[in-house]
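Visitor: Right, I'll just put the structure down here and ask away after.
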Amino acid sequence: VTLVTLVVFAMLLLATLAISRLARRGVHRGLLRRGNTDEGTAAVVGRLVTYAVVAIGLGVSLSTLGVNLAALFAAGAFFAVAIGFAMQNVAENFVGGLILLTERTIKPGDVLEVEGRVVRVTSMGLRATVARSRDDEDLIIPNGTLVKNTVTNFTLRDPLYRLRTTIGVSYKSDLAIVLRTLHAAASTVPWRVADREPQVLLTGFADSAVTFEVQVWTRDPWGARRATSELNEAIWYALLGAGLTIPFPQLDVHVQALPGPRATIGEAER
């Protein structure tokens, strides 16, 4: 190792970093210009290209120092096994990151349900995925969690999402009028998918009301809470306009006989 080889090594590393950035930007722009690639897929492919360029550049840089790459890979495999046993969680998340980046079942911009929380993926790394919750919180999710557990991806193939809301009406209501009113109310929301007709289902007979489920499709799973609120508001005003009652829980008490005015509590109980 001489001063010249050290300078060449440093220059090669700097060139590798610069080339990796240029390659990432070029691949990203090229995929987006094709028109059939979304932003998340282009970002993932660009990241993989960056890793590949850095790995190749690092190998070339080490070879200029006279490092035997075959021996280095053999030693690296040995240490990788040892580190894998000592840091199982880190190794698991690293492998999970590689799987996610190659399979592309989860991409930046996707809306997921992870451990009961709906989040939007903002960036993906080799160890963890960063996501944004509906409460504007940044969540750092280990990649192993996304690989091992069941994750709902609302935007994997298409953004279609079915909203459901439940409503109860009085037993004295006309069934045909209720069905028409709920269907008309669900059809008025502006964000629903036009080629998917709303569905109104009679789901049961509760103690104080007949329950219905209204289903509407939307293309924005992330805005499901706001959309559900607008749907409930439309149903509220539609039922009021049709003169239909939304009952509250009631309890009817029927008294068979009353005790005399002079009866004590004990006599009334007997």
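Readers should treat all values here as calculations from the given coordinates under stated rules, not as data from a laboratory. Note that the structure is predicted; figures quoted are calculated from it, not measured. Here the Cβ positions follow ideal geometry from the backbone for every residue, glycine too, while neighbour counts run over all protein chains shown.
Visitor: Ranking request for peptides 145-156, 42-53: highest mean number of other beta-carbon atoms within 10 Å first, then the rest in descending order.
Guide: 42-53, 145-156
Visitor: Moving on to the next point. Need one number: nm distance between label points at Val54 and Arg219, each 7 Å from Cα along Cα→Cβ, rounded to one decimal.
Guide: If labels sit at Val54 and Arg219, their model points lie 3.7 nm apart.
Visitor: Cα-Cα pairs above 18 Å in segment 192-263: how many percent?
Guide: 61 percent
Visitor: So for each of 94-101, 157-164 I average, over its residues, the number of other beta carbons within 10 Å; can you give me the resulting order with the highest mean first?
Guide: On the way: 94-101: 18.1, 157-164: 13.8.
In decreasing order of mean packing, 94-101, 157-164 become 94-101, 157-164.
Visitor: Could you give the length gained by full extension between Val8 and Ala23, i.e. 0.36 nm per residue of separation minus their alpha carbon distance, to one decimal place?
Guide: Extra length from Val8 to Ala23 when fully extended: 3.2 nm.
Visitor: Per residue, how much space in cubic angstrom lies within the convex hull of the C-alpha atoms of the chain? List each step's numbers first, then the result.
Guide: Working: hull volume 65.3 nm³, N = 270.
Convex hull volume per residue, Cα atoms: 242 Å³.
Visitor: From Cα coordinates alone, what are the radius of gyration and Dmax values for segment 140-232 in angstrom?
Guide: 16.7, 54
Visitor: Please get the size of the charge dipole for segment 140-236, origin at its Cα centre, with Cβ charges of +1 on Lys and Arg and -1 on Asp and Glu, quoted in debye to the nearest 20.
Guide: 280 debye
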